[in-house]
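The values are calculated or read from the model by the stated rules, or taken from the named source; none is laboratory data. These numbers come from a predicted model, not from an experiment. Using ideal geometry, Cβ is built from the backbone for each residue, glycine included, and neighbour counts are taken over all protein chains shown. Ligands, DNA and RNA are excluded from the accessible area calculation, which covers all protein heavy atoms including side chains. Shrake-Rupley method; radii C 1.70, N 1.55, O 1.52, S 1.80 Å.
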Amino acid sequence: VRFPEDLEDDNTTFNPEYSHQVFGDDEVAFGYKGLKILLYYIAGNLSTLFRIEYTSKVNEKFDCVEADDVESKIREIIPPGFCTNTDDFVSLLEKEVNFRPFGMLLHTYSVHNEEAGEDITYQIYKADMTCPGFREYHERLQTFLMWFIETASFIDVDDERWNYFLVFEKYNKDGATLFATVGYMTVYNYYVYPDKTRPRVSQMLILPPFQGEGHGAQLLETVHRYYMSSPTVLDITAEDPSENYVKLRDFVLVKLCQDLLCFSPGKLMQGFSQEMVMEAQQKLKINKQHTRRVYEILRLRATDMGDAEQSRSYRLDVKRRLIGPYKKKQRELAKMRRCLRPEELTNQLNQIDLNMQHEQLEESFQQLVSDYRRVLERLAQA
């Protein structure tokens with residue numbers, strides 16, 4: 001909500017992708033007709049208005065059943081201090097002109113908005129719990145995780161090893177410049193013996209109204225650039241990354257790596273090298289596993305897949321990596337031959353069909369190439 005009229009404007013409304021963490025696996029609230037759970041957030045500081053509406057509700061006295069206590073379920077995830085009536089919320093909205101982003105400004109960029117016919121400015125900040133008001137703001141911000149990340153959990157903000165990176169949009173209201181929350185990322189700094197840290201991306205969310213505009217890539221690249229300048233950082237990883245995050249990371253890391261000398265077309269055609277691993281880690285804080293994916297994407301770009309020899313060489317190179325888990329199965333099978341009785345061995349062999357392995361390997365390769373091509377298409381448009 002930026003203006004009072006947004007409260008009645010369905011265009012500013014977006015629905016949760018998940019609600020199982022609040023309402024159980026069936027995602028059902030029992031006992032209501034026409035139930036609406038309404039959560040409004042002021043665009044900048046995320047002050048909250050919470051209301052429930054319904055046309056009718058079962059009654060324990062007459063229907064002998066009790067409706068779910070929807071209000072207490074929502075109260076468990078939104079911090080206290082929220083508004084319950086519109087007038088209080090609108091009076092808070094009038095004070096929004098005083099809100100400023102928390103922490104240190106890291107990056108400013110603009111995105112052209114077709115609808116508005118102008119460039120809109122965005123800024124990325126790094127914050128921590130010492131910033132006045134940030135703890136309370138973060139409590140409100142993290143409530144979005146429950147609706148948009150499938151396995152979300154709230155973090156321990158008293159642990160000083162957390163870093164917070166925030167994206168804001170600058171907008172004008174009555175001649176003043178205001179800020180709207182776009183998204184954020186939390187990163188945990190793990191200790192690596194003897195004197196390094198390994199930042200690990202924990203949660204990343206761009207709010208639905210801003211998705212598909214490139215903010216995730218801007219945020220991830222900014223975070224990488226922030227840690228790249230630190231001599232104590234070994235490399236940057238992610239905790240249990242989703243498919244979408246892996247695709248985003250592929251794009252950002254390829255964009256960062258493509259100008260390194262070790263990834264020149266001539267060197268790419270000679271195969272994956274220790275030089276690539278060293279340079280990517282030292283200059284860009286990218287680990288070996290991610291560097292290997294960057295190499296495969298850039299080598300695909302340098303390969304003429306219409307040329308039979310080049311195409312075969314690329315396919316074999318990628319499949320040699322993909323076959324690792326299958327080779328592990330073969331080693332396990334060799335152990336089984338020595339240890340298992342014949343009937344047990346037959347049972348295990350049925351699970352490790354070689355033809356099926358070849359089919360799965362080819363399927364994995366084709367899916368990977370398809371994902372890599374999408375990264376290269378996006379890179380060409382960047």
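Between the helical axis of 308-322 and the dominant principal axis of the chain, each derived from Cα atoms, what acute angle in degrees is found, rounded to the nearest 10?
70 degrees
Strictly over 19 Å apart at the Cα level, which of Lys170/Lys285; Lys36/Lys95; Lys255/Lys319; Lys255/Lys288 would you flag in this model?
Lys170/Lys285; Lys36/Lys95; Lys255/Lys319
Measure off 7 Å from each Cα along the Cα-to-Cβ vector at Tyr191 and Leu379, then give the distance between these two points in nanometres to one decimal.
That separation, rounded to one decimal, is 3.8 nm.
Between beta-carbons, use under 12 Å as the cut-off and find the net charge around Val223, counting Lys and Arg +1, Asp and Glu -1.
The answer is +4.
How high is the FRET efficiency from Arg100 to Met129, r the C-beta distance, R0 25 Å, rounded to 0.05?
It comes to 0.90.
Averaged per residue, what accessible area in Å² does segment 159-206 show with a 1.4 Å probe, protein chains only?
Heavy-atom SASA per residue in segment 159-206 reads 43 Å².
Between Asn15 and Glu275, what's the calculated FRET efficiency when r is the beta-carbon distance and R0 is 35 Å? Round to 0.05.
Working from the Cβ atoms, E equals 0.10.
Relative to the longest principal axis of the chain, what angle (0 to 90°, nearest 10) does the C-alpha long axis of helix 324-339 take?
In the chain, helix 324-339 runs at an angle near 70 degrees to the longest axis.
May I ask you to derive the relative contact order of the chain, considering only C-alpha pairs under 8 Å and at least 6 residues apart, and to give it as an integer percent?
10 percent
Carbon-plus-sulfur fraction of the accessible area of segment 99-300, 1.4 Å probe, in percent?
Ligands and nucleic acids excluded, carbon and sulfur reach 48 percent.
Kindly provide the helix-only [θ] at 222 nm of the chain, computed as the sum of -39,500 (n - 2.57) over DSSP H runs of four or more divided by all residues, to the nearest 500 deg cm²/dmol?
My calculation for the chain gives -13000 deg cm²/dmol from helical runs alone.
By how many degrees, between 0 and 90 and to the nearest 10, does the Cα long axis of helix 342-351 differ from the longest principal axis of the chain?
Around 60 degrees separate the two axes.
Give me the one-decimal nm value for the distance between modelled label points at Val111 and Asp240, 7 Å along each residue's Cα-to-Cβ direction.
Taking the simple label geometry, Val111 and Asp240 are separated by 2.7 nm.
What order, most packed first, do the peptides 75-87, 156-168 have when packing is the mean number of other Cβ atoms within 10 Å of each residue?
Going by the mean number of other Cβ atoms within 10 Å, highest first, we get 156-168, 75-87.
Evaluate E = 1/(1 + (r/R0)^6) for Asn85 and Ile120, where r is the Cβ-Cβ distance and R0 equals 30 Å; express this FRET efficiency to the nearest 0.05.
Between Asn85 and Ile120 the formula returns 0.40.
Heavy-atom accessible area per residue, segment 49-133, 1.4 Å probe: how many Å²?
Spelled out: the 1.4 Å probe surface of segment 49-133, per residue, equals 64 Å².
Note the listed values (1) 5, 24, 34, 25, 10, 3, 0; (2) 5, 17, 19, 14, 11, 7, 5, 4, 4, 4, 4, 2, 1, 1, 0; (3) 4, 18, 24, 22, 17, 11, 4, 1, 0, then indicate which one is P(r) over Cα pairs in 10 Å bins from 0, in percent calculated from this particular structure.
Computed from the coordinates, P(r) over Cα pairs in 10 Å bins from 0, in percent corresponds to (3).
In whole angstrom, note down how far apart the Cα centers of segment 69-144 and segment 187-241 are.
21 Å
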